[in-house]
Amino acid sequence: MIAVVVLLLLLIGAMAVKIVKQYEQGVLFRLGRVLGERKPGLRLIIPFVDVLHRVSLRIVTMPIQSQGIITRDNVSVDVSAVAYFRVVDPVKSVVAIENVYAAIDQIAQTTLRKVVGQHTLDETLSETDTINLDIREILDVTTVEWGVQVTLVELKDIQLPDSMKRAMARQAEAEREKRAKIINAEGESLAAAALGDASDVMMAHPLALQLRNLQSLVEIGVDKNTTVVFPAPLMSTIGELGSFLARETAAAIPVAPPAAKDAETPPVTKPAFVDITTTDALAGSSNGSPRAIGK
């Protein structure tokens, strides 16, 4: 009998000792009535009379299941979110509601569907911060009576229909093309202004145009082209060069002295030929061989 009594005392003592962890809060019930909260640490209760409920005070991460929602502009989207909350009043969380976690899960789903349905698709995609704030405020009003505080709500994923994705892709592509055309037009405007300035300089310095033409010929000659098209100013320059060579040749012909009566008539000196050769475009040749265009 003594052993039985000792065993019963040990069992009662084990039932009377309760440990509340640091991140928990205890709610003590005595004969069904709330006596108050119990802080973390070692706590003693009366077995079979007192009941101690431990309530976690840590922040709980609760994923909100994806909801099929129709936005204000009649677009069907699937939106999922995540909510963060914690218990601030352990007594209310035990007494006011049966299962606080299930209740918050259900109210979060309905609130998400209600808030997102009041916005258009563009607002849902661009104004997520506003939607998150609206959902959290609505949840706070509801859960404050349960002793729970919602600290944060974030939209996690927004699934769009395939047709809407293609339409948005076309819209983005058109926007990019518009920007490209505007940039191209601005570049053409700047290039035209620069060409106008260059033409003014060439008008003031005629030789600058000829030097530019010669530079173009050098650039064309690098590719070893068989056909070269000369600009009109360069053709006139070649004509002037031919006239200059003709004058120089005429000036270089010696003048014969007066002949004596009985002297033999000296032979007439013929002018030498001066060849100015060009490529096919100037002489009209198709085989690329030079031809004489002046004498």
Probe 1.4 Å - accessible area at ILE19, Å² to nearest ten: 110
Amide H contacts of GLN67 (H built 1.01 Å from N, under 5 Å, at least 5 apart or other chain): VAL79, SER80
Orientation-averaged projected area, Cα convex hull of the stretch 1-88 (nm²): 9.6
When each of LYS21/LYS92; LYS156/LYS181; LYS92/LYS114 is checked by Cα-Cα distance, pairs over 29 Å: LYS156/LYS181
Distance histogram in 10 Å bins (all Cα pairs of the stretch 50-125, percent per bin): 17, 39, 24, 15, 4, 1
Those aspartates and glutamates that a straight Cα-Cα span of less than 15 Å connects to LYS39, excepting residues fewer than 8 apart in one chain: GLU24, ASP89
Computed accessible area, ARG86, all protein chains, 1.4 angstrom probe, square angstrom: 80
Interatomic Cα distance distribution for the stretch 127-181, bins of 5 angstrom, percent: 4, 16, 14, 12, 12, 12, 9, 8, 7, 4, 2, 1
Rg to Rh quotient for the stretch 116-218, alpha carbon positions, Kirkwood Rh: 1.49
Average accessible surface area per residue within the stretch 1-126, 1.4 Å rolling probe, Å²: 60
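The values are calculated or read from the model by the stated rules, or taken from the named source; none is laboratory data. These numbers were taken from a predicted model, which means no experiment stands behind them. All accessible areas refer to the heavy atoms of the entire protein, side chains included, with ligands and DNA or RNA removed. Shrake-Rupley method; radii C 1.70, N 1.55, O 1.52, S 1.80 Å.
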